Each structure stands twice: as structure tokens, then as C-alpha cells.
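Asker: The structure follows.
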Amino acid sequence: MIAPAHPLLSVERLSVAFGGLQAVSNVSLEVPSGAIISLIGPNGAGKTTLFNCVTGFVAASSGRVCWEGTPVGGLRPERAASLGMARTFQNLRLFGSMTCAQNVRIGTHRLENEGLLGAVLGGLAWRGRRERMERIVLEAMAFVGLEGEADRPATSLPYGLQRRLEIARALASAPRLLLLDEPAAGMNPSEKRDLAGLVRRIRDRGVTVLLIEHDMPVVMDLSERIYVLDHGELICEGAPAAVRSDPRVVEAYLGKA
Amino acid sequence: MADFLQQTVNGLSLGCVYALLALGYTMVYGILQLINFAHGEVYMVGAYAGILAAGWLVATGSSGLLLLSCVFLFAMAYAAVVGLAVERIAYRPLRDAPRLCLLISAMGVSFFLQNAVMLTQGKGDKVFPQEAYPAFLDGVIPVAGATIGVKQVLLVSSSLLLMAFLRVLVLHTRTGRAMRAVAQDRVAAALVGVRIDRVVSMTFAIGSALAGAAGVIVSLEYRQVGTTLGFTAGLKAFTAAVLGGIGSIPGAVLGGGLLGLTETYTARYGASEYKDAVAFVLLIAVLLLRPTGILGHSQAGRA
């Protein structure tokens, strides 16, 4: 098998500064297509800032982000979405007053195109498109294990299921790269195991995953490669076993002995 | 009874004007949490555009329902363009500035539009051309002993048609879904690929087009308009939007209708000089009992 020439996403010497605060400095990482890659590090290490920069929510002060080898400068969130990136948030960002299905339906935004005329007249082509979108919604909900919850208000779901709903919304946009920001936060051990299984199934359907996670068993179990950030800098990268035993990582998490 | 029916129809037709305007306020508020104080002026510009279009169309020899439809379309399109320009020039650069800056910018736009119209169209009132005014509008339909003007029926039904269109647009189209998503959480909407700037532009265009239609309705009703038309109407429509629950589209329609009826009934059965006061007393009463308006949601819920 020939490896693709370029990784799906590569971050090259990326820095993000907020005024005098260097949130991310000179970080490079690569996310090959079809992989599960993790980003770990203590609180405030700059992981979420890196996510925000890659998905166009904050601007880089230097360095660049490449999508399949092509630099994508000055990325905006909607452009990131149209490239095929989808993400979830550390603090949930569901549309609170909508039902579960409506939330996921918004996820199909970039796939569809239906005008007012079609909606008023209800032509055949328009109906076909609408049904296709509704199938995508149901499929995404079933995939994350939320079948039968379509008409339930999104915020009435238990916390763990709201996280799954957010993943379903991201999947509904048919992404190529899914960025998950602490998906296991606040989950109990059995929910975490289910989540790990879900992430693996997402990868198996061809979606590359970049994961921020604090839960070490989950990270060690899932990741093919781990990048460790501390104070905005990349301090270590490698396979799970290597990272686990790296003294710099132990020090960053536990402090110097 | 007959008189009551008559008053109800009058109230509803006034209510439709308020509702069409209130929709613009409420939609923009829903998306940007901005009270667009220039909205009343967009309505006034729409009324002027309609009158000018009527003048040109009469010169080309058209008349009747065709002329009326063209006048509506022109005024709506013109108002939409003005609304788009206002958003692009006066609001977008201030999107991330404190709310107060936007509010002051809105007031500036409002003065600018009033004076621009005064400069180009003169200070005096603009009269709807007599030749362009379709005679059938003055016809009456006898209903249960009362007479209902053809004009009122036409104006109420065209308003309802526009509102029905808006409902389909918001509930069943991609643009409408994007609007609802942006109103709830701008960041999450951008994340799934919604282009925020385009949604904001669409919102202004739609709201302004509805204001343009309301402008034509008023110029048909009163047969003449002035540059200060937008001020009181804007204030009333804003009241209607708050009454119904600002940010809520059905609320704007309900608030508009309620305000129109209250004003008309007060003018007829109470004291006409108190009609404005009663409208605002109603507002205060509703806000005391239900601070979010009749159909409004609490701010905490929308986060």
C-alpha cells in the first residue's frame, strides 16, 4: 500500500499569542489520514487554543496550518467546515431550544441547498433532498446510540448523551477530520469505555480523529500517536508507551520530585 | 356589533403594519441582540420608494393590481438594499464592539436616512399619486351589516401572505435553519459551517423588505407620508416586538396585532387622544407580569 503523500492535517511551527501571553508556541504536529491522534497536557497547556486555531476561531500569530499539504491561511470557521473539519467543544455548545434531531440537522448545513421556492412549492427534487438529509440525521443519531431520541429537547438529555449528540451533529456534516475536545469529561468509567468504542467506530468509518483528552486510560487505549503540550510548547511526542514513560511528561503532570 | 366588526378590521390592518415592522426588530434582535433603531427609517424609505415607483409606473400606463404588485416589489427590494447597506456600513464593523456603540451607530443611521430623504425628496409630505391609486381599493364589501373596505382586506391578506412566506422560510429552508442556529449560538453555528455574515445580511434584507411592504401599506392607507413617518411607527413596532417577546417571530405578529387592536378600540370606544398612552400602559402591564413578553423565552435559557 502506498502511503498518501501528505498528512490530512499538518500544523507547522504554529504560535498563538493573546497580547503578551504565548498560548501556543512553535508547535508542529501531523495528523495522517485514518488515524486517531491525541493531544494531552496539563490544564492551560494550550490544547484548546490549538484546536481553536486549527478550526479558524482564533488567528495564528505565526506558523501555518496545512490541509492535505496545502496551506490554509486566515482560516474562518465556516471555511474549516467546508474543508471537512468538524469539532465538539469542551463545554457543550448545543442549540438549547431545539430538539435532538434539529440540532443534528443543522450539522447537514454544508451539504444541502434548498431554496424558499422549493420549500413553498414542495417540488419532487426538494422533497428528495429533504428526505436524504433526514436520513443522514437519523443515521448519525443511531450511530452514536441516540435512536428514538429525535424529538426530545436537546438539553433534556443526560450530560453524557449530550456529548454524544454533539458528536452526531459533527458527523452529520460528513467530516473528514473530527476534532474532539475532552469528550470523556464528566463521564463514569463505563460511559468512558463506550465512548472509546464510539471513537474507534468513527475512525473505522473513515473519519480521522484528533482528540484532546485528560483521561489517560482512554488516551492510551485509543491513540496511535500522542503529542504532549505544556505551557504552550510541545514537550514530547510518540507512541503511547513511549509517552507514558517519558520523564518530561511525568514532570509536567506531577511536578518535579 | 357592525361597528365593532368594522373597528376590528381597522385594528387588524393597523396591527399588520406594526407586525411587519416588529418582525424586522425581532429578527435582528434574535441574531445580533441589537435593537436596530434605524428600522423605522428603512420603513419610511420603503414608503417613499413605493410612491416614487407608483409615479413612474403610472407614466408608463400601467394600472390596477399589476401596478400595485410592482410598487410592492420595488419598495421591498429598495428597502432590502438599504437595510443591507446599513448593516454592512454601520453595524458590521462594530460587531465585536460593546452594544452601546451599535446603538449609537443605529441612531446615527436613523438621522442620516431621515435627512437624506429630506434632501432628495423635499421637506413636505409626499402624496401617493392619485392616478396610480387603484379605484377598486375604495370599494366596500358588506358583511353582517358592516362594511369592510376592499383595501383593508387586501392589506391584511397581503401581510398575512408575507408572514406565511416568512414562516416557511424560517422553519423549512436551509437559510432559516441557519438563522435559528445563529440566533442560539453564533460560535456553534460557525462551527458547523454556517456563514455568519451571510446569515446576518439575509436577516437584514428580509426584515427590511417586510418594512418596505409596511411602508407601501401605510402610504396606501394615508395616501401621503412624511420623513418623520418612521419615528413613531418604529417606536410602536418596537413596543409590539417587546410585547410579544423580543426575539420571537410569532410574538412579533401577536404583539403587532394586539397593539393595533388596542389602539383602534381605544380611539373608538375610549378617548382617541389616549390611544398611544394605552398602548404603552399595555406594554408596561405585560412586562410587569411577564418580563420576557407574551411568547418570549427567558435570557437564561438562550445563553
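The values are calculated or read from the model by the stated rules, or taken from the named source; none is laboratory data. This one's a predicted model, so the numbers in the text were calculated from it and none came from an experiment. Note that we place each Cβ from the backbone using ideal geometry, even for glycine, and neighbour counts take in every protein chain shown. Heavy atoms of the whole protein, side chains included, go into the accessibility calculation; ligands, DNA and RNA do not. Shrake-Rupley method; radii C 1.70, N 1.55, O 1.52, S 1.80 Å.
Asker: For segment A:98-172, what is the accessible area per residue in Å², given a 1.4 Å probe and the full set of protein chains?
Answerer: So segment A:98-172 comes to 45 Å² accessible per residue, rounded to a whole number.
Asker: Residue by residue through B:163-172, how many Cβ atoms from other chains fall within 10 Å of the Cβ on average?
Answerer: Mean shielding count: 2.
Asker: When we measure straight from the Cα of A:K47, which lysines land under 28 angstrom away, once same-chain ones fewer than 8 places off are left out?
Answerer: A:K192, A:K256
Asker: Would you please state the base-10 log of I(q)/I(0) at q = 0.08, 0.12 1/Å for chain B, with intensities from the Debye formula using one equal scatterer on every alpha carbon?
Answerer: -0.34, -0.78
Asker: Sort segment A:98-172 into rounded, prolate or oblate with this rule: let a ≥ b ≥ c be the square roots of the eigenvalues of the Cα gyration tensor; rounded if a/c is under 1.5, and if a/c is not under 1.5, prolate when a/b is larger than b/c, oblate otherwise. Walk me through the numbers on the way to the answer.
Answerer: Numbers: a/c = 2.52, a/b = 2.23, b/c = 1.13.
The shape class here is prolate.
Asker: Which residue, B:L154, B:L68, B:L52, has the most motion in a Gaussian network model of chain B that connects Cα atoms within less than 10 Å?
Answerer: B:L154
Asker: Across every pair of different alpha-carbon atoms, what Kirkwood hydrodynamic radius in Å does segment B:203-303 reach? Mind showing how you got there, number by number?
Answerer: Values: mean 1/r = 0.0684 Å⁻¹.
So the Kirkwood estimate lands at 14.6 Å.
Asker: For segment B:25-31, in order, what is each residue's ³J(HN,Hα) by Karplus, 6.51 cos²θ - 1.76 cosθ + 1.60 with θ = phi - 60°, in whole Hz (x at glycine and Pro)?
Answerer: 4, 6, 5, 5, 4, x, 7
Asker: Quick check: convex hull over the Cα atoms of segment B:1-69, volume per residue in Å³, rounded to an integer?
Answerer: Details: hull volume 8.9 nm³, N = 69.
About 129 Å³ per residue, rounded to a whole number.
Asker: When Lys and Arg each count +1 and Asp and Glu each count -1, what net charge do the other residues less than 12 Å away from A:R225, Cβ to Cβ, add up to?
Answerer: On the way: positive: none; negative: A:E30, A:E224, A:E237.
Local net charge: -3.
Asker: To continue, here is another question. Computed on alpha carbon atoms, what radius of gyration and Dmax characterise the protein assembly as shown, expressed in Å?
Answerer: Answer for the protein assembly as shown, Rg first and Dmax second: 28.3, 96 Å.
Asker: Right, here's the next one. Considering chain A as a Gaussian network with a 10 Å cut-off on Cα pairs, which listed residue, A:G19, A:G107, A:G34, attains the greatest mean-square fluctuation?
Answerer: Of A:G19, A:G107, A:G34, the Gaussian network model singles out A:G19 as fluctuating most.
Asker: B:A97 to B:F280: extension gain in nm, 0.36 nm per residue of separation minus the Cα-Cα distance? All intermediate terms of the calculation are to be shown ahead of the outcome.
Answerer: Details: separation 183, 0.36 × 183 = 65.88 nm, distance 3.12 nm.
Gain in length upon complete extension: 62.8 nm.
Asker: So if I take the centroid of the Cα atoms in segment B:229-266 and the same for segment A:69-111, what is the distance between those two points in Å?
Answerer: Taking the Cα centre of segment A:69-111 as reference, the centre of segment B:229-266 is 36 Å away.
Asker: Still on this structure, I have one more. Which of these, B:A80, B:A214, B:A144, has the largest mean-square fluctuation under a Gaussian network model of chain B (Cα springs below 10 Å)?
Answerer: Answer for the Gaussian network model of chain B: B:A144.
Asker: Total accessible area buried between chains B and A, 1.4 Å probe, in Å² to the nearest 100? It would help to have the intermediate numbers written out before the result.
Answerer: On the way: alone 14160 and 12630 Å², together 24460 Å².
That pair of chains buries around 2300 Å² in total.
Asker: When the helix-only estimate is applied to chain B (DSSP H runs of n ≥ 4, each -39,500 (n - 2.57), divided by the residue count), what is the mean residue ellipticity at 222 nm, nearest 500 deg cm²/dmol?
Answerer: Working: 12 runs with 221 residues, N = 303.
Helix-only estimate at 222 nm: -25000 deg cm²/dmol.
Asker: If you don't mind, another one. Can you give me the % of accessible surface on chain B that is carbon or sulfur? Probe 1.4 Å, all protein chains present, nothing else counted.
Answerer: Details: 9050 of 12940 Å².
Here it works out to 70 percent.
Asker: Next question. Which whole-Hz ³J(HN,Hα) couplings does segment B:191-205 yield from phi under the Karplus relation 6.51 cos²θ - 1.76 cosθ + 1.60, θ = phi - 60°, glycine and proline marked x?
Answerer: 4, 8, x, 6, 8, 4, 4, 5, 5, 4, 4, 4, 4, 5, 4
Asker: List, in order, the whole-Hz ³J(HN,Hα) value for each residue of segment B:32-38 obtained from phi through the Karplus relation with A = 6.51, B = -1.76, C = 1.60 and θ = phi - 60°; use x for Gly and Pro.
Answerer: With the stated coefficients, segment B:32-38 comes to 10, 6, 10, 8, 7, 5, 8 Hz.
Asker: To test your reading of the geometry: what angle, between 0 and 90 degrees and rounded to tens, separates the Cα axis of helix A:189-204 from the longest principal axis of chain A?
Answerer: 80 degrees
Asker: Mind listing P(r) for segment B:85-136? All alpha-carbon pairs, 10 Å bins, whole percents.
Answerer: Binned Cα distances yield the sequence 21, 31, 22, 17, 8, 0.
Asker: Taking H placed 1.01 Å from N in the peptide plane, check which residues at least 5 places from A:S61 or on another chain put their amide H under 5 Å from its amide H.
Answerer: It is A:S15, A:V16, A:A17, by chain and number.
Asker: Same structure again: Distance from the Cα centre of segment B:105-183 to that of segment A:180-209, in angstrom?
Answerer: 53 Å
Asker: How charged is the neighbourhood of A:T49? Take every other residue with its Cβ under 14 Å from the Cβ of A:T49, and add Lys/Arg as +1 and Asp/Glu as -1.
Answerer: Working: positive: A:K47, A:R87; negative: A:D181, A:E182, A:D230, A:E233.
Summing Lys/Arg as +1 and Asp/Glu as -1 gives -2.
Asker: For the peptides A:156-162, B:156-162, what is the packing order when you average, over each peptide's residues, the other Cβ atoms within 10 Å and list the highest mean first? Before the final figure, lay out each step's value.
Answerer: Values: A:156-162: 15.0, B:156-162: 16.7.
Result, highest mean Cβ count within 10 Å first: B:156-162, A:156-162.
Asker: Heavy-atom accessible surface, probe 1.4 Å, ligands and DNA/RNA ignored: which residues of segment B:178-206 lose at least 20 Å² versus the isolated chain?
Answerer: The answer is B:R180, B:A181, B:Q184, B:D185, B:V187, B:A188, B:A190, B:L191, B:V192, B:G193, B:V194, B:R195 - residues whose exposure falls by at least 20 Å² when every protein chain is included.
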